[in-house]
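Written out below as structure tokens is the structure these notes cover.
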Amino acid sequence: MTEPLSFELSRPAVDPPRLPDANVAGPSPADVLPRGALRAKPPGLPRLSEPEIMRHYSRMASLNYSISENFYPLGSCTMKYNPVVNEAAAALPGFAELHPYQDEETVQGALELMWRLEQALCAIVGVDRVTLQPAAGAHGEWTALRMIRAYQHSRGEARTEVLVPDSAHGTNPASAALSGFQVVEVKSGGDGRISLADLESKLSPRTSALMLTNPNTLGLFEREILDIAELVHSTGAMLYYDGANLNAFMGICRPGDMGFDAVHMNLHKTFTTPHGGGGPGAGPVGVKSELVPFLPAPTVERTNGRLTLDHKRPQSIGRVRSFYGNFGMLVRAYTYILAMGGDGLSQASRDAVLSANYLRKLLDGHLEMPHDGPCMHEFVASAHNLTVQDGVRALDVAKALLDREFYAPTVYFPLVVPEAIMVEPTETESKATLDAFAQAVREIVAQAKTDPQGLHQEPKRTPVGRLDEVAAARRINAYLQGQSEDPVLRWKAAAESPS
Amino acid sequence: MADRRYTKTHEWVTVDGKHATIGITDFAQSQLGDVVFLELPSSGRKLTARETFGVVESVKAASDLYSPVAGRITEVNEKLASRPELINSDPYGEGWILKLDLAGDLPPDLLDETDYKKVTEASAH
Amino acid sequence: MLETIGVSSMNDLLVDIPQTLRLESLQLPAGLSEFETMAQVTALANRNRVFADRLTFRGGGVYRRFIPAAVAAVTSKPEFYTAYTPYQAEASQGTLQAIFEFQTLIAELAGLDVANASLYDGATAVAEAAMMAYVHTGRNEVLVSGYVHPEYVQVLRAFGEGRGIKVRKGGEPNKKTAAVIFQQPDFLGLLVDPRALTAAAHEVGALAIAAVDPISLAILAPPGEYDADIAVGEGQQLGLPPSFGGPHVGFVACKRELVRKLPGRLVGTAHDAAGRRGFVLALAAREQHIRREKATSNICTNHSLCALAAAVYLTYMGPYGLRQVAEVSFTRAHVLAERLAALPGWELAFPERQFLNEFPIRVPKGSAVVRKLARKGILGGLDVNRWFRELKGVLTFTCTEVNDPRAIDELLQALAS
């Protein structure tokens, strides 16, 4: 089942929608503007009636899998249920219809919300202040590194290297490079945790920071985190926390207490703002007091109950986004924190850890578990045994799950585990769901023995089967090298496009 | 081929007098998967040994290309632009990447077949 | 569940966490019922003052526009808003197709070859475009020409500092210039000469980056027509509420030869074994999760849901609906400008310059004017002196299809009173 593109459904006979007329005598663009400034021909937008549009998008919606429908075991992505009350809160006219350049006196409620959210996040991760400006996790990472660099500059230190574990998210090294640092990789030890010896050998007076997520991307808590922190701090470097895995320990422990100096959080993971098919999210960054002067401007300040935006911050790294961040996502996250409370958040993390360990146990023996448990909120299994014995890869397991009404786990990440299958069940899922998922995986593993070819053909029940990405990439590259006029990355009128 | 030498970064080089031919190894192509694109330099450019001269991309991976030897590029395999899959199907033959005029001696750290095999076995777990 | 795992208590699962780090509880209030939660959140919302959209004459990068009901009807479908990034293509065709349509819509509007899946906002889109130019040309200076949105320039500086890109304001491009960045219409609403700016950039081998208003492209020559290399912009006007500045959506489109330098996600077509067309994330080998520290950008996500809103909006409007919206805004803004300029002591700040639906006007006592209007429930012009010292007493007013002629009358009556 596929849906034509809006451009293919377009009919020139469709009248434009009824819109207001000017209803006042005045010039039109053609009367005033020079001809060269005007568009020669109208843009090639499709022409569809409203019922056609609604059906088009409703059919497209039906081609999507979503967390509102069923389990989304994507490791590292924290696919929790998105409470609908969050949406109701963000849609309140008092938030949705606020102009960012209204005078401060007229937006006291919005600033109060930002201030309270900052306080709550400070309490959850154990830092002194938080900037809400970054629009996403990677944006937050980069913002944190800019602050660390500015702090070290202010002390006359020229530190040029950022250490990143080999199991880290790809955004870590990219953010470091974008902040002007050289990236130095730190190796994991045999137990999947960072190797203190390797860390020690990589630390030097050039080290600016170590970027770390804890639990790490294998779902394992870095037991030696206090030693790591001491080691890093002893060289004058800072410790940065990648908040991708914060859902593991809210109310159980805090990155700030572990010695992290800067902490980014993903509101779209831990704090249930919806993923939206890939954004918008929000990636606030919390910092300890030494970094506070370097926070992006403006910050929200509260004096005697009156809230202001402080733009005059001489040591600030500047502005990292227009206005004040993804405010609508801040409203959703604040609503979630309010509804859950300290008790609810702590319970959520405990439930997430329980679910992960339970599911890990159910799958142990069917898939390889390359590291000893217990795990925290997620675990990494490996399909390496299936690959060697039956020629069935992690990708085949992922695709076969799609045919069994589940989304796939994260596969081939982290890179340090061959044929990695990374599962994060979250507190959302019931025991019944976890049992059903484990049953589906066991069936697939059994089928790998009897009918591996069948698994290579899956998925069969999805709207389309496995798509040939290699052919697509070669077609794109042919276009980019001028060997073809089919751009592949956009629709083009039939006469111009052969596909 | 007995006189094919290798690098730890999975390039190969054959030498014929002052002329060298460079490509990536069979192990490298199997790790990358189906190659879809190569970013390559132009003829005439001078390379030092270990210098990055391009990128090879599959759908899921990208890898920098390092020159095993020093020299001046005399020829770039034009066929790869439209048929990058030659890297997969014939990495040591039609899938060659560059020809160079050698400058100076071969670097001492080039590996022979046996030593390179050890490298691939170590990285294949 | 504990029994299956083989432990006796929850604490057995937390043994890896050093005891010294363990918390008793979080220092936060206890949880609330939905009713109490909404009561608290609504109380905060009610502490904000909302100006009616027809009485909002303030823009500066965020505008009140008519938003068709179809937009929210689509974006509030849980199949769209609760889906993850479309990594498993077979189960994500809805999101992927929506992005592919968005890419095509933006490329059509801009008159350029390819657009990406969207970026965070207009400001970061400018910064990302500058980084494309830096990588493409190997030069490390960008030139900002004219009144580009001050917050875009601030963000550009913050990004540039990390990468070692110098941001120069004003002057002529030279052999060190990677790109000339201009905004059309500019931050004040005035039209610039994009052909001349583009030609000047190309003269020295620099790229031309046009920051454009997407609705203006229904009537103005698009960047592709004047040979700009990259078009970027803010898509808030395409169906998104102001929401105190976000989330909105940035976009970037470029010429074919720059596509490999594009930041972020791109969706392309692909086919399955049965020959059915589908959509996949394409050219991923440019991105951070594969290229790591060698990627052009660190961006991972896009703003899919906002891009979906923009796609629904543009599809609803079609080419002639969009032009109607742009023309009505144009006509009303010119009527408003004429009437305001006739007030005693008021004068257009740049009377020789053309504009579309936002314009700068010099007024006596700007802050008093704005306060007076606020008392009548009108969100008046934006005082741009806060960013530009030379623009003392200058307010920018904006007018769109939501500001009906009676609203304009009310604005003038309020000023006369």
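Debye calculation, C-alpha points only, no solvent: report log10 I(q)/I(0) for the stretch A:6-61 at q = 0.18, 0.19, 0.21 Å⁻¹, in the same order as the q values.
Treating every Cα as an identical point scatterer, log10 I(q)/I(0) equals -0.83, -0.87, -0.92.
Once every DSSP H run of n ≥ 4 in chain A is given -39500 (n - 2.57) and the sum is divided by its residues, what mean residue ellipticity at 222 nm do you get, rounded to the nearest 500 deg cm²/dmol?
So the helix-based figure for chain A works out to -11500 deg cm²/dmol.
Just want the answer: with Cβ charges of +1 for Lys and Arg and -1 for Asp and Glu, which residue in C:Pro351, C:Ala127, A:Gly140 is farthest toward the dipole's positive end in the protein assembly as shown?
Result: C:Pro351.
Taking the stretch A:85-340, how many lysine pairs are there with alpha carbons less than 30 Å apart, if each pair must be eight or more places apart or span two chains?
Lysine pairs meeting both conditions in the stretch A:85-340 amount to 6.
List, in order, the whole-Hz ³J(HN,Hα) value for each residue of the stretch C:3-8 obtained from phi through the Karplus relation with A = 6.51, B = -1.76, C = 1.60 and θ = phi - 60°; use x for Gly and Pro.
Listing the rounded values in order: 4, 4, 5, x, 10, 9 Hz.
Hey, got the dipole for the stretch A:309-385? About the Cα centre, +1 on K and R Cβ, -1 on D and E Cβ, debye to the nearest 20?
Roughly 600 debye for the stretch A:309-385.
Would you mind classifying the stretch A:250-407 by shape? Square roots of the alpha carbon gyration tensor eigenvalues, ordered a ≥ b ≥ c; an a/c under 1.5 is rounded, otherwise it is prolate if a/b is larger than b/c and oblate if not.
It comes out prolate by the Cα gyration axes.
Take peptides A:162-170, C:371-379, A:130-138 and line them up by average Cβ neighbours within 10 Å, highest first, as a rough protection proxy.
Those peptides, ordered most packed to least, come out A:130-138, A:162-170, C:371-379.
Sum up the charges of everything whose Cβ sits under 11 Å from the Cβ of A:Asp166, counting Lys and Arg as +1 and Asp and Glu as -1, but leave A:Asp166 out.
Local net charge: 0.
Have a look at C:His202, C:Ile99, C:Val312 and report the one farthest towards the positive end of the charge dipole of chain C, computed about the Cα centre with Cβ charges (Lys/Arg +1, Asp/Glu -1).
The Cα lying farthest towards the positive end belongs to C:His202.
For a test of the definition: using alpha carbon positions, the gyration tensor, and the 1.5 limit on a/c, classify chain B as rounded, prolate or oblate.
oblate
Taking the highest mean first, how do the peptides A:186-196, A:328-338, C:41-51 order by number of other beta carbon atoms within 10 angstrom per residue?
Ranked by mean Cβ neighbours within 10 Å, highest first: A:328-338, C:41-51, A:186-196.
How many nm is it between the label spots at B:Lys46 and A:Glu69, if each spot is 7 Å from the Cα in line with the beta carbon?
6.1
Magnitude of the Cβ-charge dipole of the protein assembly as shown, K/R +1 and D/E -1, about the Cα centre, nearest 20 debye?
My answer is approximately 2880 debye.
Through the Karplus equation 6.51 cos²θ - 1.76 cosθ + 1.60, θ set to phi - 60°, convert the phi angles of the stretch A:158-174 into ³J(HN,Hα) values in whole Hz; use x for Gly and Pro.
In residue order, the calculated couplings are 10, 9, 10, 10, 10, 8, 9, x, 5, 8, 6, 4, x, 5, 4, x, 5 Hz.
Roughly how many debye, to the nearest 20, is the charge dipole of the stretch C:71-310 about its Cα centre, given +1 on each Lys and Arg Cβ, -1 on each Asp and Glu Cβ, and no other charges?
Its charge dipole is roughly 760 debye.
Through the Karplus equation 6.51 cos²θ - 1.76 cosθ + 1.60, θ set to phi - 60°, convert the phi angles of the stretch A:218-234 into ³J(HN,Hα) values in whole Hz; use x for Gly and Pro.
Those phi angles translate into 8, x, 9, 6, 6, 4, 8, 4, 5, 5, 4, 4, 5, 4, 5, 5, 5 Hz.
Specify which residue in the list A:Tyr336, A:Gln389, A:Gly305 is farthest towards the positive end of the charge dipole of the stretch A:286-394, using unit charges on the beta carbon of Lys, Arg (+1) and Asp, Glu (-1), about the Cα centre.
A:Gly305
How well do other chains shield peptide A:209-222, expressed as the mean number of their Cβ atoms within 10 Å of each residue Cβ?
Averaged over the peptide's residues, the number is 1.
Per-residue Cβ counts within 10 Å, from other chains only, averaged over C:148-156: what number is that?
3
Distance in nm between label sites at B:Arg83 and C:Lys169, each 7 Å beyond Cα in the beta-carbon direction?
Placing both labels 7 Å beyond Cα along the Cβ direction yields 5.7 nm.
Report the trypsin sites (Lys or Arg not before Pro) located in the stretch A:81-148 that are in a DSSP loop and have at most 15 other Cβ atoms inside 10 Å of their Cβ, or state none.
Taking the stretch A:81-148 and a limit of 15 other Cβ atoms within 10 Å, no loop trypsin sites (Lys or Arg not before Pro) are found.
Only loop residues by DSSP count here, and only those with at most 12 other Cβ atoms within 10 Å; note down the trypsin sites (Lys or Arg not before Pro) in the stretch B:14-103 that meet that.
Those satisfying the criteria are B:Lys18.
Within the stretch C:71-310, how many Lys pairs that are eight or more residues apart, or on different chains, come under 26 Å at the alpha-carbon?
15
May I ask you to order A:431-438, B:6-13, C:15-22 by the average number of other C-beta atoms within 10 Å around their residues, highest value first?
B:6-13, A:431-438, C:15-22
May I ask you to list the residues of the stretch C:102-137 whose amide nitrogen lies under 18 Å from a point 7 Å from Cα along the Cα→beta-carbon direction of A:Asp486?
Inside the label zone: C:104, C:114.
I'd like the mean, over residues of A:348-356, of how many other protein chain beta carbons sit within 10 Å of each residue's own Cβ.
Shielding by partners across A:348-356 averages 2.
Where a Cα-Cα gap under 16 Å defines reach, which aspartates and glutamates qualify for B:Lys46, not counting those fewer than 8 residues away within the same chain?
Counting by Cα, and skipping residues close in sequence, B:Lys46 has these aspartates and glutamates nearby: B:Glu75, B:Asp101, B:Asp105.
Any read-out appearing in this document is the output of simple, stated calculations on the displayed coordinates, not a laboratory observation. Keep in mind it's a predicted model, so treat the numbers as computed, not measured. Cβ: placed from backbone, ideal geometry, glycine included. Neighbour counts: every protein chain shown.
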